[in-house]
Amino acid sequence: MRLQFMRSELLSLLRQQLPALLTIKIKVNPRLSQLQDKQKKKKNRVIKRASKMPNDVAQSFLALAEDADPALKAALHSLAEFSKK
């Protein structure tokens, strides 16, 4: 896209060396953009593992789980179990 905006400036500069030059045809390979997107996605997929949490934090999660709804209770228990690993 940037080359399209700079086309007239490029044409002027090239005409200084090649006066017979009339136009510039700019073609872009769309696959290059797709490859760059895939590479960016691969970089973003880095999975960071949490460090082991302190035991008192795990106990706090278990205390919160007592009064929570079932889905939240399961999630809090899962987090608390993580500290034992």
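The values are calculated or read from the model by the stated rules, or taken from the named source; none is laboratory data. Everything quoted here is computed from the prediction, not taken from an experiment. Cβ placement follows ideal geometry from the backbone for every residue including glycine, while neighbour counts extend to all protein chains displayed.
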Note on region 1-17: residues surrounded by 10 or more Cβ atoms within 10 Å (Cβ to Cβ) and in a loop (DSSP other than H, G, I, E, B) are Met6
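Of the residues Gln4, Gln17, Gln34, which is under 24 Å from the mean Cα position of the chain (by Cα) and at pLDDT 75 or above? Break it down stepwise before answering.
Values: Gln4 fails: under 24 Å from the mean Cα position of the chain (by Cα); Gln17 fails: under 24 Å from the mean Cα position of the chain (by Cα).
Only one candidate passes the filter, namely Gln34.
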Looking at region 19-36, which of the residues that are out of contact with any helix residue (DSSP H, G or I) (no Cβ under 7 Å at 6 or more places or on another chain) and either of a type in the set (Gly, Ala, Ser) or surrounded by 10 or more Cβ atoms within 10 Å (Cβ to Cβ) (or both) is farthest from Met1 (Cα to Cα)?
-> Ala20
